[in-house]
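The values are calculated or read from the model by the stated rules, or taken from the named source; none is laboratory data. Note that the structure is a prediction, hence the values are computed from the model and not measured. A quick note on method: Cβ atoms are made from the backbone with ideal geometry, for glycine too, and the neighbour counts reach across all protein chains shown.
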Amino acid sequence: MISEDFAVGTSPVHRIDPRLRVVAATVFSFLCAVCNRFEPLLLCLVMAATLPLLARLELRRVLRRLLLVNGLILFLWAVLPLTTGGSPVLNIGPAVVTKEGLLLSARITLKSNAIFLALIALMATQSVGTLGHALNRLKVPGKLVHLLLITYRYVFVLEQEYLRLVRAARVRCFTPQTRIHTYRTYAYLIGMLFVRAAVRAERVHQAMICRGFSGRFHSLKEFSFTGVDFAWAAIIAIVLLAAGWLEWIAAI
Amino acid sequence: MHISEGILSGPVLLSGAALAAVGTGIGLKSLDYDRIARAGILAASFFVASLIHVPIGPSSVHLLLNGIVGLLLGWGAVPALLVALLLQGVLFQFGGITTLGVNTVIMAAPAVIAYYLFGPWARRPDAIGMAAAFLVGFCSVLLSGVIAAAALMLTGEGFLEVAGLILAAHIPVMVIEGIVTLFCVMFLRKVQPSLLDHR
């Protein structure tokens, strides 16, 4: 089931102005992505690891997703140290483990985890509906926000539709196997999903026009940038500047 | 298919974002408000359908379906896929903000290319149409893999093998995606042909 596990809450992080969270997550992610030294990355990781705690997210769920992210990283650890050129540290038969490869893998691990934690703490703590309105206030093109909100609205409906189709197939003794019949069944199922989606879209569009839709979603939610938000903005800015400074002093 | 956060270099991320922004601009222009509802709901069904795991031998793969989205939406596929990827990022933390641009290019460029290359043929009710429909699925996954591999290789030479492994791992996905797209297009032609010619 698709669900927004972390969107609802009363923690300090949940109460930060969504616009600030979107901007902070974006700047933080890009900063992490371009940093190459370990000091700023560690600083970013510490900050990112604090945020889910402050947001009082359910740690078990965060950890489960963290494991998923690190599964791929493990794969990189298995390959990159062997394929990156540089000074050898260890010889395993014909394969050479290089220092550069190990450092690269470690750097990617830090970056991935830091960005993931920041994303889950800052972006996943708001519903996509709120995110859409925040993006709208941040001057993201109206059509794109509109598209996002419609997609979000119908993801859950279409998932129900999909589960219904799967149930219908299962009732008719469908068991997925590696053969053409299975692929055809899935293809028809997906086709049916598209057909129903299109028919529904037609109805939705007509209903929206009936209600005087003129190309704009009006949000009843008013965002207010409070003193607490200023404090948050200041703290986040200080950490990011410190990380940027750490990266920069190494470059000169 | 998407590349995780923290792997690609700054220049690759930025060029991906720039390309995605241009594509999204063109796509949004081609979608008027009458068609946005449809694009959004198709993006939602793409999002749901890409959660389907189809069995292959002892393992299973999940479908990408970007080819068929391209076939159904043309340039509109770019914003639709961008939105679907953003939702994946926010709801599952698969991919994130910095890789959104690159991942959009990985998914959407093949969709648009498939639309122009095979779109006119895939509507035909004969063997050529069937071949074109298969190629829509096959080539869009192939192209996605090639773009992902290129993004990795532009980041660093050490990624050459990783990129190769990713491409190799996607060969069975290409075939399955081709088969599924073929049947799916045949189904749509029978059930609701108007979906396929939206021009």
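Restricting segment A:205-252 to residues that are β-branched (V, I, T) and within 21 Å of A:I16 (Cβ to Cβ), the residue that is surrounded by the most Cβ atoms within 10 Å (Cβ to Cβ) is A:I236. Filtering B:L63, B:L28, B:L73 for residues that are at the interface with chain A (Cβ under 7 Å from one of its Cβ atoms), buried (at least 19 other Cβ atoms within 10 Å of the Cβ) and either of a type in the set (S, T, N, Q) or closer than 22 Å to B:V102 by Cβ (or both) leaves a single hit, B:L28.
Give the residue, chosen from B:V48, B:V54, that is within 7 Å of another protein chain (Cβ to nearest Cβ), under 21 Å from B:L188 (Cα atoms) and in a strand (DSSP E or B). Please lay out each step first, then the result.
Numbers: B:V48 fails: in a strand (DSSP E or B).
B:V54 is the lone residue from the list that is within 7 Å of another protein chain (Cβ to nearest Cβ), under 21 Å from B:L188 (Cα atoms) and in a strand (DSSP E or B).
So for segment A:48-59 (the condition being of a type in the set (D, E, K, R), under 30 Å from A:N136 (Cα atoms) and away from chain B (no Cβ under 12 Å)), does at least one residue qualify? Yes: segment A:48-59 contains one or more residues that are of a type in the set (D, E, K, R), under 30 Å from A:N136 (Cα atoms) and away from chain B (no Cβ under 12 Å).
Residues that are buried (at least 16 other Cβ atoms within 10 Å of the Cβ) and either within 11 Å of chain B (Cβ to nearest Cβ) or in a helix (DSSP H, G or I) (or both) within segment A:86-105 comprise A:G86, A:T98, A:E100, A:G101, A:L102, A:L103, A:L104, A:S105, listed in sequence order. Checking the stated criteria, A:T185 turns out not to satisfy the condition of being crowded, with 17+ Cβ neighbours inside 10 Å and touching a His at 6+ places or on another chain (Cβ under 8 Å). Just checking, does segment B:95-109 include any residue being surrounded by 20 or more Cβ atoms within 10 Å (Cβ to Cβ), modelled with pLDDT under 90, assigned to a helix (DSSP H, G or I) and at the interface with chain A (Cβ under 9 Å from one of its Cβ atoms)? Scanning segment B:95-109, I find no residue that is surrounded by 20 or more Cβ atoms within 10 Å (Cβ to Cβ), modelled with pLDDT under 90, assigned to a helix (DSSP H, G or I) and at the interface with chain A (Cβ under 9 Å from one of its Cβ atoms), so the answer is no.
For every residue, the table says whether it meets (1) outside the structural domain of A:F156 (by TED's automatic domain parsing); (2) modelled with pLDDT of 90 or more; (3) at negative phi.
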| residue | (1), (2), (3) |
| --- | --- |
| A:R56 | yes, no, no |
| A:G71 | yes, no, yes |
| A:L76 | yes, no, yes |
| A:K99 | yes, no, yes |
| A:L102 | yes, no, yes |
| A:A114 | yes, yes, yes |
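Selection of first residues in segment A:184-195 that are at the interface with chain B (Cβ under 7 Å from one of its Cβ atoms) and of second residues that are in a helix (DSSP H, G or I) and of a type in the set (F, W, Y), restricted to Cβ pairs under 6 Å at least 6 apart or on distinct chains, gives the following pairs, ordered by first then second residue: A:R184/B:F183; A:A187/B:F183; A:Y188/B:F187; A:G191/B:F187; A:L193/A:Y162. Here B:I68 meets each of (1) under 20 Å from A:E202 (Cα atoms); (2) more than 7 Å from every other protein chain (Cβ to nearest Cβ); (3) in contact with a His (Cβ under 8 Å, 6 or more places away or on another chain) with one exception, condition (3).
Looking only at segment A:207-226, which residues are within 14 Å of chain B (Cβ to nearest Cβ) and on the phi < 0 side of the Ramachandran plot?
As a first pass, look at segment A:207-226 and keep what is within 14 Å of chain B (Cβ to nearest Cβ): A:207-217.
Those that are within 14 Å of chain B (Cβ to nearest Cβ) and on the phi < 0 side of the Ramachandran plot: A:A207, A:M208, A:I209, A:C210, A:R211, A:F213, A:S214, A:R216, A:F217.
Checked against (1) of a type in the set (V, I, T); (2) in a helix (DSSP H, G or I); (3) within 21 Å of A:Y188 (Cβ to Cβ), B:V61 passes all but a single condition, namely (2).
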